[in-house]
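The values are calculated or read from the model by the stated rules, or taken from the named source; none is laboratory data. Model, not experiment: these values are computed from the prediction. Don't worry about glycine lacking a Cβ; one is built from the backbone with ideal geometry, like all the others, and counts go over all protein chains shown.
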Amino acid sequence: MNLKDQIKNYAPFDETEEKLKEYFLKWMDTFKDVLTRENEFGHFASSAFVVNKDRTKMLVVYHNTYDAWIFPGGHADREENLLSVAIREVEEETGLKAKVLDNSIFAISASPIVGHVKRGKYVPAHTHLDVVYLLEADDNEPLTFREDESKEVKWITFEEAIGDSIVDFIRPVHKRLIKKLNTRVM
């Protein structure tokens, strides 16, 4: 199933996601290059809500661009299989091989990205249309991180996931992810 059909078939969790679904579909109707960074207004990204087996912690990386904690993820870069992107980003950013708990989209969010310098080039402010997948990993496995993207990686409790050390625009996303996880039987 192509990405647009996946978004169309996605069942929003709440009113926020209902509006985001409309926004994503309108974005896809407006722009042709939604899977590339060449669309400077915004593009798709894929993230992973990685939880431990006990469902009490989540995995976060201290992202250099945001200078704060955020869940692992990255740009689609032309790849329409955003689940593959999420899996790859978790491995690249944390060193963990995570287990996919559900092949379908777990959540969606839109993130404002402030203008910043990356690899010596200025990147204008834009939007990430983020598709989030639910994964699980062992919170006792050793963690690694990529110094060019982050400063650290760690497991945090769900209470910490909505605290002040988390990127401002991600706190409500974390809250929604945790609430959704707690309503699902797995």
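For Glu40, the criteria (1) free of Cβ contacts under 8 Å to residues at least 40 places away in the same chain; (2) of a type outside the set (Phe, Trp, Tyr); (3) over 26 Å from Arg176 (Cα atoms) hold in every case but one, which is (1). The one condition from (1) assigned to a loop (DSSP other than H, G, I, E, B); (2) among the acidic types (Asp, Glu); (3) over 23 Å from Asn9 (Cα atoms) that Glu79 does not meet is (3).
For the residues Thr157, Thr127, the requirement of being surrounded by fewer than 16 Cβ atoms within 10 Å (Cβ to Cβ), touching a residue at least 12 places away in the same chain (Cβ under 8 Å) and in contact with a strand residue (DSSP E or B) (Cβ under 6 Å, 6 or more places away or on another chain) singles out Thr157.
Scanning the stretch 101-124 for residues that are closer than 25 Å to Asn140 by Cβ and surrounded by fewer than 16 Cβ atoms within 10 Å (Cβ to Cβ) yields a count of 1. Taken over the stretch 52-67, the criterion of being at positive phi and either among the basic types (Lys, Arg) or surrounded by 16 or more Cβ atoms within 10 Å (Cβ to Cβ) (or both) is satisfied by Arg55 alone.
For the criterion of being among the hydrophobic types (A, V, I, L, M, F, W, C), modelled with pLDDT of 95 or more, farther than 19 Å from Val117 by Cα and assigned to a helix (DSSP H, G or I), Ala86 passes. Scanning the stretch 39-58 for residues being part of a strand (DSSP E or B) and not basic (Lys, Arg) gives a total of 11. Among residues of the stretch 21-35 that are part of a helix (DSSP H, G or I), those with a Cβ under 8 angstrom from a residue that is of a type outside the set (Val, Ile, Thr) and buried (at least 17 other Cβ atoms within 10 Å of the Cβ), sequence gap 6+ or separate chain, pair up as Lys21/Tyr10; Tyr23/Ala110; Tyr23/Leu129; Phe24/Ala110; Phe24/Leu129; Trp27/Gly42; Trp27/Leu129; Met28/Leu3.
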